Structures are given as C-alpha cells and as structure tokens.
Amino acid sequence: MQDNDLKIGDRVRLTSLGAERNAGIRTRTGVIKGRTRGNGFYVLMDGNKSVSTLHRSYLEAEASPDSAPVSAPPNPCTN
C-alpha cells in the first residue's frame, strides 16, 4: 500500500495486522479525517465520537460499491 492510495474522506478498514495489534477497537471500518506528520492517519471509526491515530500499515481502502463488477441486465427477449 502506498501513501497515495488513501486520502481524507476515504472509507477504510483495518488490515489483519491492524485488527491484531488494536484488539481494543471494536469497529473495523471508518473514515479518514486527517494525516499525521509521519505514516499515520486520523481515522473516525464507525460509531465513535473521537478519532483514532493509526499507522498506514494497519489500514486498507474499503471496497466501494462503485468498484464492484456490474453484471449485464437480463435479456427480456428470450425465446
């Protein structure tokens, strides 16, 4: 994962490493609210009022519905 992959406002989820190292965080998804000076992000986890500071290796972009493959509509003219 590169720094350019994640931007403020992106929805993210914890990686397996992030979930292992941050067992106290119940929710696994959230929104990026800012950057630290180093390799961290301020993330507002779903259901929380305050942000958590997490290293970028603990985060990955959450798959958006826009990026899901779209299936072709059924053909109404089947004989």
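Where a number appears in this text, it was derived from the coordinates with a stated rule and is not lab data. Everything numeric here is computed off the predicted structure, so don't read it as measured data.
Give me, ordered by chain and number, the residues 5 or more places off SER52 or on other chains with an amide H under 5 Å from its own placed amide H.
Those lying under 5 Å, H to H, from SER52 are VAL43, LEU44, MET45.
Using the Karplus curve 6.51 cos²θ - 1.76 cosθ + 1.60 with θ = phi - 60°, work out ³J(HN,Hα) for each residue of segment 24-38 in order, rounded to whole Hz, and write x for Gly and Pro.
x, 7, 6, 7, 9, 10, x, 10, 6, 10, x, 10, 8, 6, x
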